[in-house]
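Below is one structure; the comments refer to it alone.
All of the numbers you see were taken from the coordinates with simple rules; none came from a lab. Since the model is a prediction, treat every value here as computed from it, not as a measurement. As a convention, Cβ positions derive from the backbone with ideal geometry for all residues, glycine included, and neighbour counts pool all protein chains shown.
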Amino acid sequence: MSASNTPDSIELAPHQLLATAILESVKAAIENGELPAELSSNRAINEITLERPKNRDHGDYATSIALALAKGAGKAPRQIAEIIANSLRSSEIIERIEIAGPGFINITLVKASQGAVVNSIFAQGEKYGEVKILSGVKINLEFDAKDKILLLKSAPAIAIALSKNMLSKGPSVTNIGSS
């Protein structure tokens, strides 16, 4: 995806690009018959989990998607991991892929893909991170505290922080006050 300076555009982070690439690899494997069609309705496909390995030698990200799909596919997790890994090897954001243990996929990204986030931040400037996901939504922001002294001291700062955060997402905050 290319960077854009429009506030409504969303530049995907490397882990989001990777999750999308994994999803596309699974769908392609289903379409070409390497994986059974029944997997297309498997919940794991829509919830691709990426984790940061504790040991950096195991890559930038790891996924257990093959383990999650194994039962529904009727195949060994490691076999499914190989299918997904073979498809991912052509991705321009991936430097290295390794299958570990029973079917974990360890992935190392090319350094340029990690730097794309920094480029996006500079390109979008103050607009970086803004999304209009709550556009058109009206939010009534109220807060309460058992300790009224604490409420008086901290409420203005909390209200300002929450309203600024919410406003960056696109809603109109209609009331800021104590209940």
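From the backbone phi of region 102-109, what are the Karplus-calculated ³J(HN,Hα) couplings (6.51 cos²θ - 1.76 cosθ + 1.60, θ = phi - 60°) in whole Hz, Gly and Pro given as x?
With coefficients 6.51, -1.76 and 1.60, one gets x, x, 6, 10, 9, 10, 10, 8 Hz.
Set the Förster radius R0 to 30 Å, insert the Cβ-Cβ distance between Ser90 and Arg56 as r into 1/(1 + (r/R0)^6), and round the FRET efficiency to 0.05.
Working: r = 24 Å, r/R0 = 0.81.
Step by step, r from the Cβ atoms, then E = 0.80.
I need the peptides 65-72, 120-127 ranked by packing, meaning the mean over residues of other C-beta atoms within 10 angstrom, with the highest value on top.
Details: 65-72: 20.6, 120-127: 13.5.
The densest-packed peptide leads the list: 65-72, 120-127.
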